[in-house]
Every structure is written in C-alpha cells, then in structure tokens.
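We did not get these values from a lab; they are worked out from the coordinates using the rules stated. This is a predicted model, so every value here is computed, not measured. Backbone-built Cβ (ideal geometry, glycine too); neighbour counts: all protein chains shown.
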Amino acid sequence: MTELDINWVRAQFPAFSEPTLQGQAFFENAGGSYTCKPVIDRLNRYYTQRKVQPYGPYDASRSAGQEMDEARTRLAAMMGVEADELSFGPSTTQNTYVLAQAFRQYLAPGDAIVVTNQDHEANSGPWRRLADEGLEVREWRIDPETGHLDPAALDDLLADGKVRLVCFPHCSNVVGEVNDVAAICTKARAAGAVTCVDGVSYAPHGLVNVDALGADIYLFSAYKTYGPHQGIMVIRRALGEALPNQGHFFNADALYKRFTPAGPDHAQIAASAGMADYFDAMAAHHGIAGDAATRAAGVHDLMRAHEEHLLQPLLDYLTSKNSVRLLGPTRASRRAPTVAIATQTPAAGIAEQLVPLGIMAGGGDFYAVRALQAQGIDLDHGVLRVSYTHYTSEDEVAKLIGALDKVL
Ligand SMILES: Cc1ncc(COP(=O)(O)O)c(C=O)c1O
C-alpha cells in the first residue's frame, strides 16, 4: 500500500505554518483537531460572499443552499448512506439528547435499552435518563483491568428479547480500543434491537461506511475530524422514519430535519463540504480512485496505517514505565492513537509540565467519568491523555516520548 505523504498532509493544515504554534506538538486531538484548509476557505467564503438566508432565488442564497446540500451529499456518499440519512446538529451531545427524546416517545415501559460504562457521557447520560419513563436501563460493563467491552457479555443482556436499543462507542475516548461495531450491530439486530454508535473518537482516524457496519445511528463530531464545530449524525431511513419527528411538524417529511430542532448553522454546514474536499484531495494525491465510499475507505486505510506505525513505540514506552498505568490495549492494531495514562500525581499538573517541553496535551476525566471510575481511576487525579491523528509526524511522537520521560 502507498504510504501517507505526511508533508503533503501537513501542508493542508494552516496550523502547521502558523507562527504562534511553532515549536509545539499538538497531542490533544481527541479534544478537537486542527482544521483543514478547505474548511477554513469555505467558511471564509461563506461569511464574506454567501451570508444570507439560504435556498432563496438570488445568487448568493442559491450558492449558500447548494453548498449546504453539497456537504451533506458528499459526506453521506463517503459513508455509504443516502444524503438525507445524514444530518447536522450543534454537537454530538445535543444530537444524542434529541434522539433520546425521540426514543422516550417511541419505546414503552417494559422495553429495555443497553448502555455501556465505556462511553463518553454524551452517549450515556441522555439514554440512562429514559429510566424515568419506566424503561429498563441495562449496563454493559467493561473489564475493570483492561477497559475491554466484551461482546460475549452483551449476549446475556440481550437474551430475554426485551432490549430495543443498544448504545455503545466505536472507540472510547479514554480506553482507545476499537470495538467490533459490525459484530455488535449484528448481535443487536438478531435480538430485535437497533444500535446507536458513538463514532466521535473513531471518525478522526477515518470515515466509516455506516452501511457496511450495520449501525442504525452513527454519530461523530466534525470539529474533531478537521471540520467546523458541528455534530454529524447518520440515521438510517427505517429507524429515522419510525422515530417520532422532533423538528417542526411541517418538516417531518425531510428525514434530515427530523432530529435537528435547532436552526441549522448554515455557514458551518456549508464549510463541512471542505472535509470532503480534504479527503478527496488526499485520495487523489495518493492515487486512490473509485466512488466516494471507495475513496473514503482508501483514505481511512492510509491514515490508520500511518497512525499505527507511530503508535507502537509510544505504547511500548508507556508499558515499560512502572510509574504509570496505560489504559486500554497495548497493541497499536487494536486501538486508536488516543492514549490515556493514570499517573501518580494529578494529570492536569503533568500536562502543565509538558507545556515548556513543547507538548500540548491535557489531563482530567474527559467526560468519561464512568469509564474511569470503572477502571478504579481516582477522579481527582484523572488521566493524562495524549492523542494524535494522521497529520502527526514521527518526530513529534519521538518528542512526546522524550518529554514524557522527563515528567513521568
Ligand atoms: C467519544 C466522545 N463522544 C462524544 C463527545 C461529545 O461530542 P460533542 O462535543 O460534539 O458534544 C466527545 C467529546 O469529547 C467524545 O470524545
């Protein structure tokens, strides 16, 4: 397979040539990534040339509406779904909140749902609150030592056929392990349940084909995936049409409007087409051809291969260090480069010590409070998290390891 051209990649991100960011290696990408140039250019163009009510008859308005549609259409094609199965909301947290209101009306007392204690709170709390309506909430629990979510344990939770919805992460933002989404969705479907997959921590490492995965709902956040601050939701048609509409009554026939009651952020939605520009440019630069889903899959594999190659030395270094506990898998092939470690002193303090060493990282709970508690992490200490993406270079990872060695 072709190798990722890291110099080309970095040239697509203005942050890497921004003077105020020089000398600092960015390792808090799971919190929010740098933005690629096509997104910034489109945002700038929208605000300067098209900042009018979209979908009207005049040129500026027509261009604005077309660009919003373009974003939805191109990203949906890359993810193997229809354009109206993809919608934009203010954030993933807001999107799950709205979806939970829809399920509140859709499910009946006596029905059960499954949530995990591996998830970020965004794909956990809103669902757990459905217990107030008399729904049974079953917790699919991680292994306290490894953080692993065992698909075999799901069988027991599904056995009585009462479960109608299974919510779980593609990848936890503190454990980092990549869950076998396709296998889990197959199990859930066989038991008569639909699935809601939090892809926020996975999507920055490659867009997925939601059709192939078999998820009924797949969520991610564009601002962690080189785009603007939007939450992106794929809701498959059968489920989206069955769930009660949460938008204006007169918009109920438009699938992509049914679960986004907030007025759309026109400029940011339009600028999201820049994410598709970036992935397509990467495909073209590396000689990846085919339809949109094929190009996206090729880009996914390129990015993953680069990230994996850089990850193993970091994992090996951390596992060799007695003073810290690495959360999640020790093999790069099983995880995303979102690496949380439990430290002997509060993690936020260690993140501060990394600043003069040219490392931007974070310490805390990252809203994965349940996952940290389940692994016996002292929440007052939290974890130090270092996370990167395909645009991170081998030199930066070496610099990170050197810096960690000074402060740990
Ligand atoms: C795994 C995961 N899920 C969900 C969220 C929430 O996303 P948003 O900030 O778009 O609400 C985050 C944010 O950090 C996350 O890391």
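Okay, here's what the table says:
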read-out	value
Of all residues in the stretch 166-196 being touching a residue at least 60 places away in the same chain (Cβ under 8 Å) and among the β-branched types (V, I, T), the one that is farthest from the ligand (Cβ to nearest atom)	V178
Scope the stretch 222-253; condition under 26 Å from D41 (Cβ atoms) and part of a helix (DSSP H, G or I); matching residues	A222, Y223, K224
Hits in the stretch 282-294 (condition: farther than 16 Å from C36 by Cβ and outside any loop (DSSP other than H, G, I, E, B))	A292, A293, T294
Of all residues making up the stretch 329-377, the number that are hydroxyl-bearing (S, T, Y) and surrounded by 18 or more Cβ atoms within 10 Å (Cβ to Cβ)	2
Of the criteria (1) surrounded by fewer than 18 Cβ atoms within 10 Å (Cβ to Cβ); (2) more than 20 Å from the chain's Cα centre (by Cα), which one D111 fails	(1)
Condition check for V9: out of contact with any helix residue (DSSP H, G or I) (no Cβ under 6 Å at 6 or more places or on another chain), in a helix (DSSP H, G or I) and within 30 Å of E352 (Cα to Cα)	yes
The stretch 351-382, subset β-branched (V, I, T) and within 29 Å of L149 (Cα to Cα), residue farthest from the ligand (Cβ to nearest atom)	I377
Residues of the stretch 181-205 classified as buried (at least 23 other Cβ atoms within 10 Å of the Cβ), of a type outside the set (A, V, I, L, M, F, W, C) and in a loop (DSSP other than H, G, I, E, B), total	3
Close pairs (6 angstrom Cβ cut-off, 6 or more residues apart or separate chains): more than 9 Å from the ligand (Cβ to nearest atom) in the stretch 220-242, polar (S, T, N, Q) and in a strand (DSSP E or B) anywhere	M233/S87
